[in-house]
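Take a look at the structure below.
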Amino acid sequence: MIESALYIVATPIGNLEDVSKRAISVLEAATLIAAEDTRHSKIFLNAIGVVGKRMLSCHDHNEEERVELIVKEIEQGGIVALISDAGTPLICDPGFKVVRELVKRGIKVSPIPGPSAVITALSASGLPTDEFVFKGFLPVKDKELTEALALLKNVKSTTVFYESPKRILKTVKLMGELIPNRDLVLCRELTKAFESFYHLKTQEAFDFLAQDANYTKGEFVVLVGPSEEQEADEVSPKAYEALESLVEFVPAKVACQVVSKLTGISKNALYDKALALKNS
Ligand code: SAM
């Protein structure tokens, strides 16, 4: 028995056989299906034998307006399914504003789990999975993209991004320059006919992809392995606080010597920070 609620239904990211039995049951039972793109979703629904459903478009530009219609449907005992073009709704897809509002109003929201490109890629990447950061789509503008990639320098967990085929070459080129010698896994066309995993070092990726136009076709998940920078060069918040207190009373060089002796952090790693504190 499927209760009246909003169901967040994950759909395949390529291979139609990845739709779960529960997803099909909920979509069959739904009195209303809210979809990012109704025309696109009708093709998927037809393929799994769910036909003749009332549908509502729910995308980035009309999500807020859709809240009341969805709430009304549920309050009248209806079953609403939210789907996106592919994968798990809300994961770089519309739905957040609807879910946030329903949760706020105490209306039942229930997930129907299934594919998502981030987890699919991570699970077969061979990179550490005990801790990972998902950053969604990388920024498009050069300055923001450079900043986002430079921030990876000291990240000690696997970092996962979504990237468009139009920008993948530029992104990996910058990665090679800003964060060389890092493990990089490019996952292309997951669950589809041309599924590929490219295991590379960041500085090799541009030349590798540029050698064949087919290598940059389709959808991409980009995974960067953890930084292996020496722990000793990382300035912990406690060390920073100690440095901050000391530079008030002694020269920057002396402050670095003391903090280095106490924490084991190299004097070089501390020096720029001490100077900046001294000058601030
Ligand atoms: N909601 C989806 C999910 O749960 O993964 C993500 C939607 S987002 C708009 C689309 C992006 O996800 C693509 O640009 C690509 O980076 C990634 N993606 C989706 N399907 C993919 C696939 N089959 N192979 C590789 N990447 C995929």
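Points to keep in mind about this one:
- Over the chain: helical MRE at 222 nm, DSSP H runs n ≥ 4 each giving -39500 (n - 2.57), nearest 500: -12000 deg cm²/dmol
- Filter on K143/K201; K141/K238; K153/K173; K97/K173; K238/K267 - keep pairs with C-alpha separation over 26 Å: K141/K238; K97/K173
- Residue (of I24, P128, L138) at the positive-pole extreme of the chain, dipole from beta-carbon charges: L138
- Eligible lysines near K104 by straight Cα distance, threshold 21 Å, same-chain separation 8 or greater: K72
- Degrees, to the nearest 10: 237-247 long Cα axis against longest axis of the chain: 40
- Counting only Cα atoms, segment 112-220 measures 37, 33, 24 Å along its principal axes, largest extent leading.
- Segment 237-279 - charge dipole about Cα centre, Lys and Arg +1 at Cβ, Asp and Glu -1, debye rounded to 20: 160
- Considering all C-alpha pairs of the chain, those separated by over 36 Å amount to 36%.
- Residues whose placed amide H lies under 5 Å from that of R182, excluding near-sequence neighbours: T202, Q203
- Estimated at 0.36 nm per residue, the fully extended path between N181 and F137 surpasses their Cα-Cα distance by 13.6 nm.
- Across segment 97-111, computed HN-Hα scalar couplings (Karplus, 6.51 cos²θ - 1.76 cosθ + 1.60, θ = phi - 60°) run 5, 5, 5, 4, 5, 5, 4, 4, 8, x, 8, 5, 10, 10, x Hz from first to last residue, x flagging Gly and Pro.
- E229-F249 FRET efficiency (beta carbon distance; Förster radius 51 Å; 0.05 resolution): 0.95
- Spatial separation of Cα centroids for segment 50-115 and segment 250-280, in angstrom: 53
- Charge dipole of the chain (Cα centre as origin; +1 on each Lys and Arg Cβ, -1 on each Asp and Glu Cβ, all else neutral): 200 debye, rounded to the nearest 20.
- Between helix 267-279 and the chain: long-axis angle, C-alpha atoms, 0 to 90°, nearest 10: 90
- Compared with the direct C-alpha span, the chain from K170 to A210 gains 13.4 nm at full extension, assuming 0.36 nm per residue.
- Hypothetical label at S4: residues of segment 99-140 whose amide nitrogen lies under 15 Å (7 Å Cα-Cβ projection): 106-109
Values in this text are rule-based calculations from the coordinates and carry no lab data. This is a predicted model, so every value here is computed, not measured. Glycine gets a Cβ as well: all are built from the backbone with ideal geometry, and neighbour counts include every protein chain shown.
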